[in-house]
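The values are calculated or read from the model by the stated rules, or taken from the named source; none is laboratory data. Predicted model only: the values in this text are computed from it and were never measured. Note: ideal-geometry Cβ built from the backbone for every residue, glycine included; neighbour counts use all protein chains shown. Quick note on the areas: whole protein, heavy atoms, side chains included, nothing else; ligands and nucleic acids left out. Shrake-Rupley method; radii C 1.70, N 1.55, O 1.52, S 1.80 Å.
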Amino acid sequence: MKSRPETGRSPGAAHFRTYRLTLPPVSGFFRPRLVGLCAGLAAATFLLFCWGLTTGDYPIDFTDVVRALVNSGDPGTVLVVQELRLPRALVGLLAGIAFGVSGALFQTMTRNPLASPDMIGLTQGAGTAVVAGIVLGWDGGLGTQGLGLFGALATALIVYALAWRRGTTGYRIILVGIGVAWICTSATDYLVAKGGRFQAQAALGWLVGNLNGRTWGQVGPLAIALAVLLPTALLLGRLLRTLQLGDDVATGLGTRVQPVRLAILLTGVGLIAFATASAGPVAFVALAAPQIAQRLAGTAWPPTVASGLTGALVVLGSDLIARTLVSGTELPVGIVTGVLGAPVLLWLLVRANRAGSGG
């Protein structure tokens, strides 16, 4: 293996080293800062994950939680950790990863930091489908996960079709997506108003974004979806970065722009749909996590793995705040992420305006 350090530094790019393997014939870039960031985020996520398991009506020591995770220690502690608290923590962890990766895919594909699933209607479309199932009392045997996937996929296809004009561009996808998002929001509000009191309460509790009462039934489908979609997102990474150079340049480099864009869209839709179906539409995570990861990594685009880990860290941290902020009350996690994410959205809007791309 041959490696060559790169001493230059382009705007927005991290220091990197090139490498070349003889067998197999592979070459690429190694970014020490990005690798170190991912390792640090993974360690912080694990610590926060375990810390969240110590919190509850029955406090448990951190070391006892770690032992209980490997099925060791006091049987009562193992029961509390594995059966009562672990499903909630796993849904928060997996949903945060899905939100972060999905946001990174859409922001890189459209070359716009505002192009998160929250902004282009995918989260709202999944929410409308799930609320329709709750209020109208039918789900066609799909369940919450199936309804969320159906709603997000249908919304994505509508946005893609309406934005199509001899191809699609990130700018048109964002504009059409904002309009579709408001249509879905209005439909959801109508369904909530139409439903009975208990149905409306159930729908509103889910719409805020909530990890309360999560069970293994929500963990399984989300874990299976991530096992399929995360490798797909990583495999699309190289093609995704060529889209940042513009459609003409990407085509010149051999990238089939529209099929790749559609594949990225479907992958991001799957991630956001399963995460939303399991945890609800947790606000601003898909918007903020990729931008935080990009600035920590010093890259020119949101790094996929770091964005997923940042999303997990944001959801787990927000859930811990929601459970401990008001004594005796467990707030929905979406309330905390909304409060924390709104300033990030305002900052992105101001930054886009100063850069001359905000309209």
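For the pair residue 324 and residue 83, what calculated FRET efficiency results from E = 1/(1 + (r/R0)^6), where r is the Cβ-Cβ distance and R0 = 35 Å, to the nearest 0.05? Before the final figure, lay out each step's value.
Working: r = 22 Å, r/R0 = 0.62.
In this case the efficiency is close to 0.95.
Could you work out what % of the accessible surface of the range 180-329 is carbon and sulfur, using a 1.4 angstrom probe and leaving DNA, RNA and ligands out of the count? All intermediate terms of the calculation are to be shown ahead of the outcome.
Working: 4300 of 6320 Å².
Carbon plus sulfur share of accessible area: 68 percent.
How big is the dipole moment of the range 38-159 about its Cα centre under a simple scheme where the beta carbon of each Lys and Arg is +1, that of each Asp and Glu is -1, and everything else is neutral? Debye, nearest 20, please. Please report the intermediate quantities before stating the final value.
Numbers: 4 positive and 7 negative charges, 77 e Å.
For the range 38-159, the charge dipole is close to 360 debye.
Write down the Kirkwood hydrodynamic radius of the range 137-229, to one decimal in angstroms, obtained as one divided by the mean of 1/r over all alpha carbon pairs.
Numbers: mean 1/r = 0.0640 Å⁻¹.
Taking every pair of different Cα atoms in the range 137-229, averaging 1/r and inverting gives 15.6 Å.
Which of rounded, prolate or oblate describes the chain when judged by the alpha-carbon gyration tensor and an a/c cut-off of 1.5? Can you show the working numbers first?
Details: a/c = 1.85, a/b = 1.19, b/c = 1.55.
Verdict is oblate for the chain.
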Fill in: Per-residue ³J(HN,Hα) for the range 212-224, Karplus 6.51 cos²θ - 1.76 cosθ + 1.60, θ = phi - 60°, Hz, x for Gly and Pro
5, x, 5, 10, 5, x, 7, 6, x, x, 5, 5, 5
Discussion item. Using alpha carbons only, how many angstrom separate the centre of the range 43-96 from the centre of the range 160-228?
Written reply: 29 Å
Item to complete: Give the peptides 288-299, 153-164 in descending order of average Cβ contacts within 10 Å, highest first.
Response: 288-299, 153-164
Fill in: Mean Cβ count within 10 Å, highest first, over the residues of peptides 329-339, 92-102, 186-196, 127-137
92-102, 127-137, 329-339, 186-196
Worksheet item: If you roll a 1.4 Å probe over the heavy atoms of the protein chains, what accessible area per residue do you get for the chain, in Å²?
Response: 48 Å²
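Dipole size in debye (nearest 20) for the chain around its Cα centre, Lys and Arg Cβ +1, Asp and Glu Cβ -1?
Numbers: 25 positive and 13 negative charges, 309 e Å.
Result for the chain is approximately 1480 debye, rounded to the nearest 20.
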Item to complete: Tell me the label-point distance for the pair residue 238, residue 224, using the 7 Å Cα-to-Cβ offset, in nm and rounded to one decimal.
Response: 3.1 nm
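Rounded to the nearest 0.05, what FRET efficiency is calculated for residue 351 and residue 215 with R0 set to 45 Å and r the Cβ-Cβ distance? Mind dumping the intermediate values first?
Values: r = 41 Å, r/R0 = 0.90.
According to the calculation, E is roughly 0.65.
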Worksheet item: When you count, for each residue, the other Cβ atoms within 10 Å and take the mean per peptide, how do 104-110, 31-37 rank with the highest first?
Response: 104-110, 31-37
Discussion item. Suppose R0 equals 25 Å. What FRET efficiency, 1/(1 + (r/R0)^6) with r the Cβ-Cβ distance, do residue 58 and residue 339 give to the nearest 0.05?
Written reply: 0.30
Worksheet item: Which residue, chosen from 234, 333, 62, occupies the Cα position most advanced towards the positive end of the dipole of the chain, where the dipole is computed from +1 (Lys, Arg) and -1 (Asp, Glu) charges on Cβ about the Cα centre?
Response: 234
